[in-house]
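The values are calculated or read from the model by the stated rules, or taken from the named source; none is laboratory data. If you're wondering where the values come from, they're calculated on a predicted model, not measured in any experiment. Cβ coordinates were reconstructed from backbone atoms using ideal geometry, including for glycine residues, and neighbour counts include every protein chain displayed. Please note that ligands, DNA and RNA were not included when accessible areas were found on the heavy atoms of the full protein model with its side chains. Shrake-Rupley method; radii C 1.70, N 1.55, O 1.52, S 1.80 Å.
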Amino acid sequence: MKWLNSLDELLYEVMSWLLFFPLTLWRAVFRPIEIMEQIEREAALPDDQQYAALLSPPLFLALALLLAHSVATVLGQTDEIIANRHGLAGLVSDNGSALVLRVIVFASFPLFLAARLVRRSGIALDRGALRQPFYEQCYPAAVFALAVSIGTSLGMDGHPQARSAGHILLLLGIVNYWSVEARWFAKVLAIGPLRAAGIVSVGILEGAVFVFVVGFLFTR
């Protein structure tokens, strides 16, 4: 009976993703500042009442990358890290481990931006202070990861129209992410848009360097 009850809860949770993932994605794309503000309100609620109308930020990021990986699979593309058996790439032998690596890689952007936001706020950087800003950053990062991953997959397709669409989606994802983060930093830190854009650019650059280092280690 305990196993059946656990299965019942698991089934409901997974099926609810089919409804709340597109709803969360819609808000993250078209109302990014609003959804990030909601995380501040959610933090004040008891644990069992948080994210009642949204997917939790880390789960949303993971599902966005799962969707992007599914698109690459439909297009017949094979993950280069899975195919590569040299060095650290030997640790990534299936789609599950590849997805975990993708989540870690793209979660670096929320991490670096959240850490920069905490330090700029004059708050001592610790695990407690970093948690809420990191959660806030996961929503725009998920949209960014989805656009970059699908855009990259389309950009490697054999059809010229698909490649063009992929390049456009990739560019839009990067510009949108930078724009949303600049607006958020300007709002939270009460600073000008140019200064906020500069701070965000450094944070995104830190994430890009991390991605480059991980990619180098796992493809050599």
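Scanning region 117-146 for residues that are out of contact with any Leu (no Cβ under 7 Å at 6 or more places or on another chain), in contact (Cβ under 8 Å) with a residue 60 or more places away in the chain and open to solvent by 40 Å² or more (accessible area, probe 1.4 Å) turns up 132, 135.
Residues in region 93-103 that are of a type in the set (Val, Ile, Thr) and either without any contact (Cβ under 8 Å) to a residue 24 or more places away in the chain or open to solvent by less than 20 Å² (accessible area, probe 1.4 Å) (or both): 100 only. Could we say that residue 153 is out of contact with any strand residue (DSSP E or B) (no Cβ under 8 Å at 6 or more places or on another chain), open to solvent by less than 60 Å² (accessible area, probe 1.4 Å), of a type in the set (Ser, Thr, Tyr) and in a helix (DSSP H, G or I) here? When the stated conditions are applied, residue 153 passes them.
With respect to (1) surrounded by fewer than 13 Cβ atoms within 10 Å (Cβ to Cβ); (2) over 20 Å from residue 149 (Cβ atoms); (3) at pLDDT below 85, the lone exception for residue 16 is condition (3). Screening residue 96 against (1) within 20 Å of the chain's Cα centre (by Cα); (2) farther than 30 Å from residue 128 by Cβ; (3) modelled with pLDDT of 75 or more leaves a single unmet condition, (3). Filter region 3-47 down to the residues that are within 19 Å of residue 186 (Cβ to Cβ) and of a type in the set (Asp, Glu) and list them by number. Result: 34, 37, 40. Given the structure, is residue 35 on the phi < 0 side of the Ramachandran plot, assigned to a helix (DSSP H, G or I) and touching a Ser or Thr at 6+ places or on another chain (Cβ under 9 Å)? Yes. Within region 172-220, the residues that satisfy the criterion of being within 19 Å of residue 147 (Cα to Cα), open to solvent by 80 Å² or more (accessible area, probe 1.4 Å) and touching a residue at least 12 places away in the same chain (Cβ under 8 Å) are 172, 174, 178. For region 185-200, the count of residues that are under 16 Å from the mean Cα position of the chain (by Cα), among the aromatic types (Phe, Trp, Tyr) and assigned to a helix (DSSP H, G or I) is zero.
Please enumerate the residues belonging to region 95-145 that are part of a loop (DSSP other than H, G, I, E, B) and of a type outside the set (Asp, Glu).
If we filter region 95-145 for residues that are part of a loop (DSSP other than H, G, I, E, B), which is where we start, we get 121-126.
Matches in region 95-145: 121, 122, 123, 124, 125.
Within region 59-75, the set of residues being at pLDDT 85 or above and out of contact with any Phe, Trp or Tyr (no Cβ under 9 Å at 6 or more places or on another chain) comprises 62, 66, 68. When residue 111 is tested against (1) open to solvent by less than 60 Å² (accessible area, probe 1.4 Å); (2) at pLDDT 80 or above, exactly one condition is not met: (1).
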